[in-house]
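Asker: Below you'll find the structure I mean.
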Amino acid sequence: MSYTTGDEWHNCTAKRVILFGMSGLGKTHVSNMLRDTKAWYHYSVDYRIATRYLGETIDDNLKAEAMKSPFLRAQLLSDSIFIKSNVTFNNLAPVSHYLGKPGNPDLGGIPIAEFKRRQAQFRAAEEAALLDTGHFISRAADLYEYPHFVGDTGGSICEWVDATDPNDPILTALSKHALLVWIEGSDAHTEELVRRFDRAPKPMAYQPEFLDAIWTEYLSQKGIDEADVNPDDFIRYTYARALAHRQPRYKAMADNWGVTIRAEDVAHAQTPDAFCNLIGAALDRRASAT
């Protein structure tokens, strides 16, 4: 859906946006704020991944771990206990726990081959969940009669698309239905995200070529084998490089397929009207630049 000017956006009775950018810059905050008005339908791509596409896989992995314990194994086989991940809009940690971290099993790691297998599963799940957006836009309007729609994407969306390809299947599908909006962070935001990640490193998704290169680089620089890798050290080593890798990809998505708003402005937009004003101004900037 193409909005050409701020006036067109403000006058539209069916506003539809898809937010993208680094995790931690306000996508979910804005989505929750809009949803709370009861006028915006909130589609969380990560929630869709965790429930529709990886839910059974995540639960089976939990059961496989439980089966290693004779005490739990007996109860599982006799249907005495039930094991299921507790996925909610505000708790998507089961996906991260499933993705895992490569390295020494004694330190909580998994073999790199298994890590890559789970990465491929996540990529397929995220691509499918992104392509479900159009269905949920229709569902939100036809079934629930929501006038507006906000799509909340994961930080890894840029890894699976080619923003320079005018026929990219995911971006074509998304832009057909909604306005793509990049929440752009500053250097200060990036530094804070790196500090936050260093305190509590968590798994993330990587483009396969990037992962292969960074894994080889890490092993070579540390002079160690796979079995000696400290999982947390590796993902800390990778995080800042992953953000730098993603930044130009986000920018190309915004330049070629949508608009850009600044994270600091989003942080000060405490009402839906204030957020909509940011979108209108971004559309006017884009129109004046063409």
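Asker: Which order do Ile81, Ile49, Ile110 take when ranked by solvent-accessible area (1.4 Å probe, heavy atoms of all protein chains), largest first?
Answerer: Working: Ile81 50, Ile49 0, Ile110 25 Å².
The ordering from most to least exposed comes out as Ile81, Ile110, Ile49.
Asker: Let me ask something else about it. Take the alpha-carbon centre of the range 121-199, take the same for the range 216-267, and report the distance between them in whole Å.
Answerer: 17 Å
Asker: Moving on. In the chain, what percentage of the DSSP-assigned beta bridges are antiparallel, given to the nearest 5? Could the numbers behind the result be given before it?
Answerer: Numbers: 1 of 20 bridges.
Roughly 5 percent of the DSSP beta bridges within the chain come out antiparallel.
Asker: Further, regarding this structure: What accessible area per residue comes out for the range 6-289, rounded to a whole number of Å², with a 1.4 Å probe? Don't jump to the answer; show the numbers that get you there.
Answerer: Details: 13810 Å² over 284 residues.
Using a 1.4 Å probe on heavy atoms only, each residue of the range 6-289 averages 49 Å².
Asker: On to the next question. Once the dipole of the chain is set up with Lys and Arg at +1 and Asp and Glu at -1 on Cβ about the Cα centre, which of Gln75, Ser186, Trp257 lies farthest towards its positive end?
Answerer: Farthest towards the positive end: Gln75.
Asker: Calculate for the chain the 222 nm mean residue ellipticity that helices alone would give, adding -39,500 (n - 2.57) per DSSP H run of length 4 or more and normalising by residue count, nearest 500 deg cm²/dmol. Write out the running numbers ahead of the final one.
Answerer: Values: 14 runs with 164 residues, N = 290.
About -17500 deg cm²/dmol.
Asker: With all protein chains present and a 1.4 Å probe, how do Thr5, Thr153, Thr290 order by accessible area, largest first? List each step's numbers first, then the result.
Answerer: Values: Thr5 50, Thr153 5, Thr290 140 Å².
Most to least solvent-accessible, the answer reads Thr290, Thr5, Thr153.
Asker: Over the range 6-289, what per residue volume does the convex hull of the Cα atoms give, in whole Å³?
Answerer: Values: hull volume 41.9 nm³, N = 284.
In the range 6-289, the Cα hull volume divided by residue count equals 148 Å³.
Asker: Can I ask one more? What are the lysines whose alpha-carbon lies under 25 Å from the alpha-carbon of Lys38, with same-chain residues fewer than 8 places away excluded?
Answerer: Lys15, Lys27, Lys176
Asker: Three principal axis extents, largest first, for the C-alpha atoms of the range 1-97, in Å?
Answerer: Here the Cα extents, ordered largest to smallest, are 65, 26, 20 Å.
Asker: How big is the dipole moment of the range 6-289 about its Cα centre under a simple scheme where the beta carbon of each Lys and Arg is +1, that of each Asp and Glu is -1, and everything else is neutral? Debye, nearest 20, please. Show your work: numbers first, answer last.
Answerer: On the way: 31 positive and 39 negative charges, 90 e Å.
For the range 6-289, the charge dipole is close to 440 debye.
Asker: Shifting gears a bit: Using a probe of 1.4 angstrom, how much of the accessible area of the chain is carbon and sulfur, in percent?
Answerer: On the way: 7230 of 14220 Å².
C and S atoms contribute 51 percent here.
Asker: Another question, then. Hey, what D do you get for the range 54-107 in µm²/s if you plug the Kirkwood alpha-carbon radius into Stokes-Einstein at 10 °C and 1.306 mPa s? Please report the intermediate quantities before stating the final value.
Answerer: Values: Rh = 12.4 Å.
It comes out at roughly 128 µm²/s.
Asker: Measure nothing fancy, just the Cα-based angle from helix 112-131's long axis to the longest principal axis of the chain, in degrees from 0 to 90, nearest 10.
Answerer: In the chain, helix 112-131 runs at an angle near 30 degrees to the longest axis.
The values are calculated or read from the model by the stated rules, or taken from the named source; none is laboratory data. Computed from a predicted structure; not experimentally measured. No Cβ is skipped: glycine too gets one built from the backbone with ideal geometry, and neighbour counts run over all protein chains shown. Heads up: the accessible areas ignore ligands, DNA and RNA and are worked out on the full protein's heavy atoms, side chains in. Shrake-Rupley method; radii C 1.70, N 1.55, O 1.52, S 1.80 Å.
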